[in-house]
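For reference, the structure discussed in these notes is given below.
The values are calculated or read from the model by the stated rules, or taken from the named source; none is laboratory data. Keep in mind that this is a model prediction, so the values were computed, not measured. Using ideal geometry, Cβ is built from the backbone for each residue, glycine included, and neighbour counts are taken over all protein chains shown.
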Amino acid sequence: MLACDFFHVDCALTLRRIYVFFVLEVGSRYVHILGTTTNPDGRWTTQQIRNLVMDLGDRVDNFRVLIRERAGQFMTSCDAVLADVGIETVKIPPRCPRANCYAERFVLTARTELTDRMLILGERHLRAVPAEYVRHYNGRRPHRSRGLRPPRPNHAVADLSSQRIKRQQVLGGLINEYERAA
């Protein structure tokens, strides 16, 4: 199952709202950042869904359902792209964000760990920051629902009890990652 949504960030310099479109693989909690824009219209969203389908490749057969809001950014063409690969689109009821709880939880996590703690200077900056955060989120960040394992670990889990530990700063020290020192 997939869940998708937007979260927005207000740019500190241009005073514009920038939207980040993401899709979450519910079973593994793996996140795909599809793009950023100041105007998420239906054509742009449809193209991002097409890009996701191409990126998933053969894995697209693992998903049967995509949960989404009833927002105007999602046109019937988005649903048609997904239907062509066998994914059914389920719209949540009006004014009921809890029906898309997995996506809403990622929005809360991204806000509290990332966007509430730093100033975004523009759209280019916003493309770089979530990309780095999602690399951390997918490869290193522990998830309670997964037994404190990341969705797709990109390192061996450090035994913090017996060895010297090395800290690596991510996003200028906003987030820290730990591993055994050599």
(Q) Quick check on my filter: what residues within the range 1-36 are surrounded by fewer than 17 Cβ atoms within 10 Å (Cβ to Cβ) and of a type in the set (S, T, N, Q)? (A) Thr14, Ser28
Q.
Being farther than 29 Å from Ile49 by Cβ and either out of contact with any Pro (no Cβ under 6 Å at 6 or more places or on another chain) or at pLDDT 85 or above (or both): is that true of His136 here?
A. no
Q. Quick one: His8 ticks every box in (1) in contact (Cβ under 8 Å) with a residue 40 or more places away in the chain; (2) within 24 Å of Arg141 (Cβ to Cβ); (3) not in a helix (DSSP H, G or I) bar one, so which box is it?
A. (1)
Q. Would the range 158-178 turn up any residue that is aliphatic (A, V, I, L, M), over 18 Å from the mean Cα position of the chain (by Cα), surrounded by 11 or more Cβ atoms within 10 Å (Cβ to Cβ) and farther than 24 Å from His32 by Cβ?
A. yes
Q: Scan the range 94-113 and give yes if some residue there is outside any helix (DSSP H, G or I) and buried (at least 20 other Cβ atoms within 10 Å of the Cβ), otherwise no.
A: no
Q: Could you tell me whether the range 157-177 includes any residue that is assigned to a helix (DSSP H, G or I), in contact with a strand residue (DSSP E or B) (Cβ under 7 Å, 6 or more places away or on another chain), of a type outside the set (D, E, K, R) and at pLDDT 75 or above?
A: no
Q.
Looking at the structure I just gave you, is Tyr133 farther than 22 Å from Ile33 by Cβ, touching a Leu at 6+ places or on another chain (Cβ under 9 Å) and not in a loop (DSSP other than H, G, I, E, B)?
A. no
